1. Using the basic label-point model (7 angstrom from Cα toward the beta carbon), what is the Ala8 to Lys165 distance in nanometres?
2. Within 10 Å, count the other beta carbons around each residue, average over each peptide in 31-40, 176-185, 79-88, and list them highest first.
3. Too long at a 22 Å Cα-Cα cut-off: which of Lys34/Lys114; Lys128/Lys165; Lys76/Lys102; Lys102/Lys141; Lys4/Lys110; Lys128/Lys169?
4. When the scattering of the range 141-212 is computed by the Debye formula from its Cα atoms alone, each counted once and equally, what is log10 I(q)/I(0) at q = 0.15, 0.18, 0.29 Å⁻¹?
5. To the nearest 20 debye, what is the magnitude of the charge dipole of the range 124-170 about its Cα centre, counting +1 on the Cβ of each Lys and Arg and -1 on the Cβ of each Asp and Glu?
6. Dipole of the range 76-126, Cα-centred, from +1 at each Lys and Arg C-beta and -1 at each Asp and Glu C-beta, to the nearest 20 debye?
Amino acid sequence: MSSKDPQADYDQALALKDAGNAAFKSGDFKGALKNYSRIFMHIGMNPCMNMSQMMGGGGGGAPPQPQQSKDPLQQKTDGLRLTAFNNMAAVYAKMGKWDDCKDKCTRVLKHDDKNTKALFRRGMAQRKLNLYELARADLEKAKEIKGTKDPAIERELKLLSKDEKNADKEFYAKMKKQMQRAKKKKAKKKAEKKEAKKKAKEEEAKKDDNPNLKANVKDDNDDAFMWDVPATNDNDNKPKDDKNKEASTTSKDNKGGDKDKDKGNDDSKKDTKDQVTTEPKKDEASTTTEDKPKDNKDKTSSDKTSPEQPSEF
């Protein structure tokens, strides 16, 4: 209680509840919510005992006889507090604020777990929030507590079954759509890969394999296609000493040939000189014989017996 007069606080809280009910019926949900919220300014938000004992286990059941140790005014105040929470949950349900509606109902059920109004409204809020299993649990519990068929609870259970079927259809449709999207994506990727491979083949076919082109020169400095470099011969791998040895042998052979050639030239020159020295003697002899008048016979005999005439020409 907020003052020393509990009765006055209760009366003011009760008046706010009536004003909230009037606003709710007229469709003024904000005004109704405002009046219900002000109730807690007079009686507080926390009860002093278990509400199940005070309310008789539910909104539809008869309240139990008040205990001798419990103040009747306190019992009415605690009941009014739970009513304010339930009414606020009803306002949030009308406004479509299902999370707030669920929270207010949970607060009531914390102190009175058999409150059918709180179970019904929380079940409806959880259905709207797609919490189908929790919604069915609350509604089935409210139906069991009521004992008789309640039209509102039965209607809510039918709506719950319908929503569950629709949710299953949406789930399977979504899965099917995702599978189709994945299949299309895979096919598209495959087609792109095939197209890229085709383009690569076309480029390869158009490519000029001329080794003198700069584009065809390898990055590893491979000179296999450089035509200006002579091919490597196996003889180049021989040691330099062998090459030098061969060169020296060749030079010696050439020198020997040159010596023989010079010797032959010297012999020919000597023969020519001998011929030159003998020829003037022949001329002198012929001149002497011509000056002396002799007969042909004498001339012939003298020519045959001349010792200065060479035997061979």
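1. Roughly 6.1 nm, to one decimal.
2. 79-88, 31-40, 176-185
3. Table pairs above 22 Å Cα-Cα are Lys34/Lys114; Lys76/Lys102; Lys4/Lys110.
4. -0.75, -0.85, -1.13
5. The calculated dipole for the range 124-170 is roughly 160 debye.
6. 100
We did not get these values from a lab; they are worked out from the coordinates using the rules stated. The shown structure was predicted, so the numbers you read here are calculated from the model rather than taken from an experiment. Methodologically, a virtual Cβ is constructed for each residue, glycine included, from the backbone with ideal geometry; neighbour enumeration extends over all protein chains shown.
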